[in-house]
Amino acid sequence: MASSEPGQRELEALLQETRRFPPDPTFARTANARDPAIYEWARRDPEGYWAEQARRLAWFRPFEQVLRWEEPHAQWFLGGQLNAAYNCVDRHAEGERRNKAAIIWEGEPGDQRILTYGQLQREVARCANGLKRLGVRAGDRVTIYMGMIPQLPIAMLACARIGAVHSVVFGGFSAEALRDRINDARSEVVLTADGGWRRGSVVPLKAQVDLALEGAPSVKHVVVVRRVGEAAGARFSPGRDRDWEEWLAAESAVCDPEPMDSEAPLFILYTSGTTGKPKGIVHSTGGYLTGVETTCRLVFDLKERDVYWCAADIGWVTGHSYVVYGPLANGATVVMYEGAPDFPDRGRNWQIIERYGVNIFYTAPTAIRAHMRWGPEWPARYDLSSLRLLGSVGEPINPEAWMWYWEHIGGKRTPIVDTWWQTETGAIMIAPLPGLTETKPGSATRPLPGIEAEVVDQQGRPVPPGAGGFLVLTRPWPSMLRTIWGDDRRYRETYWSRFPGRYFTGDGARRDEDGYFWLLGRVDDVINVSGHRIGTMEVESALVDHPAVAEAAVIGRHDDLKGQAIAAFVTLKEGVAVEDGLKEALRRHVAGKIGAIARPDDVFFAAELPKTRSGKIMRRLLRDIAEGRALGDTTTLADPAVVEALKAQYQEEA
Ligand code: 7RM
């Protein structure tokens, strides 16, 4: 695996951050986590700590053993049985929260739907009965490909109710990406929508499913929510496809939840890694739910009367954990929004916060930076005084964005929780506890109670304070991934072989004198574009699939707005001329193969790519070129002249 040292420039800048934000005493007095002894308790007795968190869930059968650790495989809460949908819906619907809003949904064109816990329970049960009628059984995988509509969490919870394993594929992925994921999971059922709304236009979904299914023989049934109607131009294939409403019309609104073993897989979610093939990250029922319930309660300080909004798409892990499972396990009221933050205008987020009196708001630094660009006059038009906590996730938040968020959105009143975690960790790992932790803009602060992290060098030795290194987690935690679907070997190799006995995150980090962690970005071949993970190899494979391309090397370069942008260095096949429009054609080709999020920002035609004598492309040097730095060590290159020529050419063209 290629690795790069975290940038020295970033390190220097962060070392100079001296602002401190101690917890507000009024906030601290009523915070869910207000006793600092919680850290000591969890350090002394991690299993006892986690067992107590897990007991906040409803178990059909109590667990007998907290942890069985056979490195690198953990099993949590053994002997216990529970159901995730029961925990997220029924136990609230059957108690005091029956008529409390569970989901406040806001559609892009302005339509709204509020589902109480009682209504959500009936909808989930109907959908679960529908799935059973299609022959879905516990352990079967169901692929869900939808936009941000209420049927998406309903479908996920319906799977959980009967013990089926959902695999949600982000609606922005292409037909080909969807096909790969369906095939890898061998799903027999796909739940989708005719289309979705985005900035006033229709995003076709069913048409993508039709294309995907041309090469996905496992699929027997497709169910389609009519979100858009005629404009989506969806076609139905008789015998295979059916309409969601017709499917459920006759189904009963009662369906007993299946008691599942704590370790039963709850879902698979695909994420990018260092090879061209995305990894199916597998999460368990008991451990995952414990992780997301606990972190929502302690990090977001979620309370009974809060209206909570996480602006992530459910197609990513942040949406799984912090739109669906975490807040619903807590019985909260969740806002869910279908569309874009700048449609119909740039005040849309703030309008929603004012309209529903949102108390807790969670978004990504890239979104905050976009709002910074649009100007503080947009949030200033709305009453944001309901907000009492702000969260950040997906990429390092630069101190400027942190301060802007604090001032213009939080009104200098609200704590900010910068939350570091990954698809693989299932739940937040490093973040402040808002009533206890003094924050520093740009730092995710310290590992949560029950989590232990370290920064180590190439040899796995802890580095001294202030030095950069690799972030590892040093003990198992309940919501950790259990394996990679169908590829346990890759699980061992990716996460547990680099530093034996410790989980390798793929991130660079620095720890300061106070023990605070400063995240420095990926150290592997993964690019983080607007908080979304994209593998360089995936983009390279898509590029070389184009008939004009001989070779491609893809890197992430710094971008002020998106965190990183995708830069592609391409050599063309012999005889192919560099024509007008070829760059655009290549960009379109990648978007078609993977999805718009993977479309390269820069395409650069090179005569040759810099390679080592063994033929390995040196992406590190391409990053130096694209970011305008002096070239690093070039002694291992087969031909150092190649990279010098490339640099000169880049400076001329860029
Ligand atoms: C939740 C999520 C994971 C990668 C991770 C990091 C980066 C996420 C932060 C962050 C700095 C943060 N899952 N990352 N959160 N970097 N500070 N608060 O994003 O699987 O899609 O991505 O995202 O590089 O490894 S993810």
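The values are calculated or read from the model by the stated rules, or taken from the named source; none is laboratory data. All figures in this text were calculated on a predicted structure; none of them were measured in a lab. Neighbour counts run over all protein chains shown; Cβ positions are idealised from the backbone, glycine included. Protein only, heavy atoms only, side chains kept; ligands, DNA and RNA dropped before computing areas. Shrake-Rupley method; radii C 1.70, N 1.55, O 1.52, S 1.80 Å.
Where strands (runs of 3 or more DSSP E) sit wholly within segment 299-371, none has at least 2 residues that are away from the ligand (no atom under 16 Å from the Cβ) and at pLDDT below 95.
Of all residues in segment 484-532, which are of a type in the set (A, V, I, L, M, F, W, C) and within 14 Å of the ligand (Cβ to nearest atom)? The answer is I484, F504, A509, F517, W518, L519, L520, V523, V526, I527, V529. Restricting segment 576-606 to residues that are in contact with a Lys or Arg (Cβ under 7 Å, 6 or more places away or on another chain) and more than 19 Å from G563 (Cα to Cα), which is most open to solvent (accessible area, probe 1.4 Å)? So the residue we want is R587. V190 falls short on exactly one of the conditions (1) touching a Ser or Thr at 6+ places or on another chain (Cβ under 6 Å); (2) open to solvent by 10 Å² or more (accessible area, probe 1.4 Å); (3) of a type outside the set (D, E, K, R), and that condition is (2).
Any idea which residue in segment 489-505 is farthest from R623 (Cα to Cα), counting only those that are touching a helix residue (DSSP H, G or I) at 6+ places or on another chain (Cβ under 9 Å) and open to solvent by less than 30 Å² (accessible area, probe 1.4 Å)? The extreme case among them is Y503.
Regarding S167, is this residue open to solvent by 40 Å² or more (accessible area, probe 1.4 Å) and hydroxyl-bearing (S, T, Y)?
Against the criterion (open to solvent by 40 Å² or more (accessible area, probe 1.4 Å) and hydroxyl-bearing (S, T, Y)), S167 does not qualify.
Within segment 343-396, the residues that satisfy the criterion of being among the basic types (K, R) and within 22 Å of A101 (Cα to Cα) are R348, R355, R388.
None of D180, D140 is open to solvent by 10 Å² or more (accessible area, probe 1.4 Å) and farther than 24 Å from E258 by Cβ except D180.
Considered as a group, the residues in segment 261-292 that are hydrophobic (A, V, I, L, M, F, W, C) and outside any strand (DSSP E or B) include one that is farthest from H73 (Cα to Cα), and that residue is V292. The numbered conditions (1) outside any loop (DSSP other than H, G, I, E, B); (2) of a type outside the set (D, E, K, R); (3) more than 23 Å from the chain's Cα centre (by Cα) are all true for Y382 except (1).
Can you name the residue in segment 430-458 that is among the hydrophobic types (A, V, I, L, M, F, W, C) and more than 9 Å from the ligand (Cβ to nearest atom) and is also farthest from T30 (Cα to Cα) among such residues?
Only one residue fits best here, namely V456.
Might you check whether a residue that is free of Cβ contacts under 8 Å to residues at least 24 places away in the same chain and either away from the ligand (no atom under 16 Å from the Cβ) or among the aromatic types (F, W, Y) (or both) occurs anywhere in segment 533-548? Among the residues of segment 533-548, at least one is free of Cβ contacts under 8 Å to residues at least 24 places away in the same chain and either away from the ligand (no atom under 16 Å from the Cβ) or among the aromatic types (F, W, Y) (or both), which makes the answer yes.
Evaluated against (1) among the acidic types (D, E); (2) farther than 30 Å from M372 by Cβ; (3) not in a strand (DSSP E or B), D514 falls short on exactly one condition, (2).
Counting just the residues of segment 379-399 that are open to solvent by 50 Å² or more (accessible area, probe 1.4 Å) and modelled with pLDDT of 95 or more, which one comes out nearest to the ligand (Cβ to nearest atom)? So the residue we want is R388. Quick check on my filter: what residues within segment 321-363 are among the small types (G, A, S), surrounded by fewer than 23 Cβ atoms within 10 Å (Cβ to Cβ) and in contact with a strand residue (DSSP E or B) (Cβ under 9 Å, 6 or more places away or on another chain)? Those that are among the small types (G, A, S), surrounded by fewer than 23 Cβ atoms within 10 Å (Cβ to Cβ) and in contact with a strand residue (DSSP E or B) (Cβ under 9 Å, 6 or more places away or on another chain): G331, G339, A340, G357.
Within segment 568-606, being free of Cβ contacts under 8 Å to residues at least 12 places away in the same chain and more than 27 Å from R179 (Cα to Cα) holds for G575, A577, E579, D580, G581.
Based on this model, can you work out whether L481 counts as in a loop (DSSP other than H, G, I, E, B) and more than 15 Å from the ligand (Cβ to nearest atom)? No, not satisfied.
Given the options S284, S262, name the one that is over 18 Å from the mean Cα position of the chain (by Cα) and modelled with pLDDT of 95 or more.
Result: S262 is the single residue among S284, S262 that is over 18 Å from the mean Cα position of the chain (by Cα) and modelled with pLDDT of 95 or more.
Counting only strands (runs of 3 or more DSSP E) wholly contained in segment 537-654, the ones carrying 3 or more residues that are not aromatic (F, W, Y) occupy 549-559, 563-572. Against the numbered list (1) crowded, with 18+ Cβ neighbours inside 10 Å; (2) more than 24 Å from G486 (Cα to Cα), P259 comes up short only at (1). Of all residues in segment 199-243, those satisfying the criterion of being buried (at least 17 other Cβ atoms within 10 Å of the Cβ), part of a loop (DSSP other than H, G, I, E, B) and either of a type in the set (F, W, Y) or under 25 Å from the mean Cα position of the chain (by Cα) (or both) are L205, R227.
Of everything listed in (1) surrounded by fewer than 21 Cβ atoms within 10 Å (Cβ to Cβ); (2) away from the ligand (no atom under 16 Å from the Cβ), the single unmet condition for A552 is (1).
Taking the listed residues G426, G521, G508, G450, the one that is in contact (Cβ under 8 Å) with a residue 40 or more places away in the chain, crowded, with 22+ Cβ neighbours inside 10 Å and not in a loop (DSSP other than H, G, I, E, B) is G508, with no other qualifying. The C-beta contact set for segment 607-636 (first residue within 13 Å of F569 (Cα to Cα) and open to solvent by 80 Å² or more (accessible area, probe 1.4 Å), second residue among the acidic types (D, E) and outside any helix (DSSP H, G or I), distance under 8 angstrom, 6+ apart or interchain) comprises E608/D639.
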